[in-house]
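Heads up, the thing below is written out as structure tokens.
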Amino acid sequence: MRNMSQLAKDIFKYGRVKDCPVYDMHGHMGSHYGIHFPTKSAEKTVKSMQAANVQKLIFSHHGSLMMRDGNSLSLKEARKFPGLLKVYCTINPNFPEVTEKDLAAFDEARDVYVGIKLLAAYHKKPITDDGYKKAWEFANKRKLFALVHTWGDNNMNGPEQIDEVARKYPGCKIFMGHSCHGEWDKAVLLANKYKNVYLELTAVPDERGPMEKFIEKAGSKKILFGTDMPWFSYHNYIGAVLGAVRKEEDLRNIFYLNAKKLLGEIGQL
Amino acid sequence: MKIKFFDANAYIGTQMLGVYKSAATAAELLEKMDEVEIEKALVYHMAQFDYSPEEGNKMLVETMAGNKRLFGCWTLLPPQTEEVIADNFFAQMKKNRIFALNLFPVHHRFLLNGVVFGEFFKELIKRKIPLVLSMREGGATWEMLYSLLKEFPNLTCILTDLSIWGVDRYTFPLLEKYEKVYLESGVLSLHEGSFEMTVKKFGAKRLVFGTGFPEKYQEASMLHLLHSNISETDKQKIAAGNMEKLLSEVKL
Ligand SMILES: [Zn+2]
């Protein structure tokens, strides 16, 4: 492996390196209508995490995303491995009564909850919609994480909507899931414009080019590693990052340092 | 054990919309392969897809220039139009180090069935020439593939560029029914656990390593294979052995 740092060479050789853990800031769990997932349970997920030295996975269960009132599924799975698994509370704007209930119960689940998850393109209401307002205000006040599914050329969760919420809710740490996929330059602009906005890598490494752009134009401190686990595998994604990012310092920022800092800031390290 | 890699899915040239740091020539591709220690590759030229199979096939031969580490893959069109398949076709394949054939029926606007390719596919079966079917946009659809295999169950098919959304619900029935269907590992290795489950259910012999370069990172499918939860013997088979065996059986 020419042109690789010693750290990258070691990851290639051993598959995992003790002093370079990986923090996965974007995952899911459970089965799914459109895809067969061999890795569905918390137990299997943790096995895959260990093989790649992934020390933290923050997820939202498919059941919380694709049906009404499913956040309890995330909590139940996360509590099997509370040190390794943390949860985003899914907010579905179509069911305000569920959001109200979930936010009222949020503090009781602070052992695993770290923030909120928005999947607006699927739930068909823009992230600026009133149906999300209470959740945004809640997360803003408590300085929580907000993992937002983002995509380019999209008016539910595209760059323009992120611009608006980033301005309105500076207390939130907003992770652009998939980094406004396709509109990479706009994602970089947002990450540079707002202190509280981060580029998240899920669905980015399966194409050469964007990661190199992020490193060059936004810097590795604004990039978070994520996989959509169990959609995408750890070693494939880690390999892709090694293919794109040459400097050891950048690799460490992306794999764990940025995530650890953010988790520290919300007292969840 | 040092694993040796044979990439079953890489192309030379760029798309008309551009691809990040692609390899303009065979020499550039070989340089990229050396960087990550990939020994051999089955290659085509993107002009075969984007521009014209007729011209792209020629461009491939020209840039490969007989290099022994590269194995060419030409793109087919219906034999009746005589654009690609003409007299001495197999002799031409031999002369130009072409060991496999691919086709993109949606993008190139033809049907993939016995009416179009009947006699020709019978010849491919006899000669054990692999047909590479890309599942990328413009390639084959799953419906096309299912009906093709019903007509030609003994055709050797390598399915490449599998979709970003997991495809086990499509591929497992094919692997179960047709023993000459193979999957390229590039995008498959992206899907958590699917690669391992495929090996467990159908055996390592049904997979061939591929990267999808230049669109995908070679390092991604390499790191995945090196640390996948299968035996070392199976890893070597997938990394290069299966592909080498398939190509060694080709009769031109
Ligand atoms: Zn996701």
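The values are calculated or read from the model by the stated rules, or taken from the named source; none is laboratory data. For clarity, every value in this text was computed on a predicted model and none was experimentally measured. Reconstructed Cβ throughout: ideal geometry from the backbone, glycine too, with neighbour counts over all protein chains shown. Ligands, DNA and RNA are excluded from the accessible area calculation, which covers all protein heavy atoms including side chains. Shrake-Rupley method; radii C 1.70, N 1.55, O 1.52, S 1.80 Å.
For chain B, the solvent-accessible area with a 1.4 angstrom probe is 41 square angstrom per residue.
Tell me the carbon and sulfur percent of the accessible area for the stretch A:125-175, rounded to whole percent, probe radius 1.4 Å. Result for the stretch A:125-175: 45 percent of the exposed heavy-atom area is carbon or sulfur. Multiplying the residue separation of B:Ser163 and B:Asp87 by 0.36 nm and removing their Cα-Cα distance gives an extension gain of 23.8 nm. Residues whose amide H comes within less than 5 Å of that of A:Ser179, counting only those at least five positions distant or on another chain, are A:Thr150, A:Glu200 (H built at 1.01 Å from N in the peptide plane). Per residue, the average separation of C-alpha pairs within less than 8 Å and at least 6 apart gives the stretch A:184-269 a relative contact order of 28 percent.
Rounded to the nearest 20 debye, the dipole magnitude of the protein assembly as shown is 1340 debye, with +1 charges on Lys and Arg beta carbons, -1 on Asp and Glu beta carbons, and the Cα centre as origin.
Between A:Asn94 and B:Lys150, the C-beta separation translates, for a Förster distance of 41 Å, into a calculated FRET efficiency of about 0.45. When a 1.4 Å probe is rolled over the protein heavy atoms, the share of accessible surface on the stretch B:1-139 that falls to carbon and sulfur comes to 53 percent. Taking the protein assembly as shown, how much of its Cα-Cα pair set, in percent, is spaced more than 38 angstrom apart? Roughly 30 percent, rounded to a whole number. Taken along the Cα-to-beta-carbon direction at a fixed 7 Å, the label points for A:Ala105 and B:Met1 span 5.1 nm. Note on A:Lys247: lysines with a C-alpha under 17 Å away, same-chain residues under 8 apart excluded, are A:Lys9, A:Lys213, A:Lys217, A:Lys221, A:Lys222. Hey, what did chain A get for relative contact order, percent, Cα under 8 Å, at least 6 apart? Worked out over chain A, it gives 19 percent.
What chain A shows is 38 Å² of accessible area per residue, with the surface traced by a 1.4 Å probe over protein heavy atoms. Please give the net charge around B:Val84, taking every other residue with its beta carbon less than 11 angstrom from that of B:Val84, where Lys and Arg add +1 and Asp and Glu add -1. Result for the neighbourhood of B:Val84: -3.
In this structure the amide hydrogen of A:His26, modeled in the peptide plane, comes within under 5 Å of the amide hydrogens of A:Ile58, A:Thr227, A:Asp228, none closer than 5 places in sequence on its chain. Along the stretch B:22-30 the Karplus relation, 6.51 cos²θ - 1.76 cosθ + 1.60 evaluated at θ = phi - 60°, assigns HN-Hα couplings of 7, 9, 6, 10, 4, 4, 5, 5, 4 Hz to successive residues, with x for each Gly and Pro.
The trypsin sites (Lys or Arg not before Pro) of the stretch A:46-100 meeting both criteria, a DSSP state outside H, G, I, E and B (loop) and at most 14 other C-beta atoms within 10 angstrom of the site's C-beta, are A:Arg68, A:Arg79, A:Lys80.
Take the Cα of B:Glu62, step 7 Å toward its Cβ, do the same at A:Lys221, and the gap between the two points is 5.0 nm.
The modelled label-to-label distance between B:Lys126 and A:Asp10, using points 7 Å beyond Cα along the C-beta direction, is 5.9 nm. For the stretch A:121-129, putting each phi into the Karplus relation 6.51 cos²θ - 1.76 cosθ + 1.60 with θ = phi - 60° gives couplings of 4, 7, 8, 6, 9, x, 5, 8, 5 Hz, in residue order, rounded to whole numbers and with x for Gly and Pro.
Taking Lys and Arg as +1 and Asp and Glu as -1, the other residues whose beta-carbon sits under 14 Å from that of B:Phe152 total +3. Interface residues of the stretch A:29-56, defined as a loss of at least 20 Å² in heavy-atom accessible area between the chain alone and the complex of all protein chains with a 1.4 Å probe, are A:Tyr33, A:Gly34, A:Ile35, A:His36, A:Pro38, A:Thr39. To the nearest ten degrees, helix A:159-168 and the longest principal axis of the Cα atoms of chain A are 70 degrees apart.
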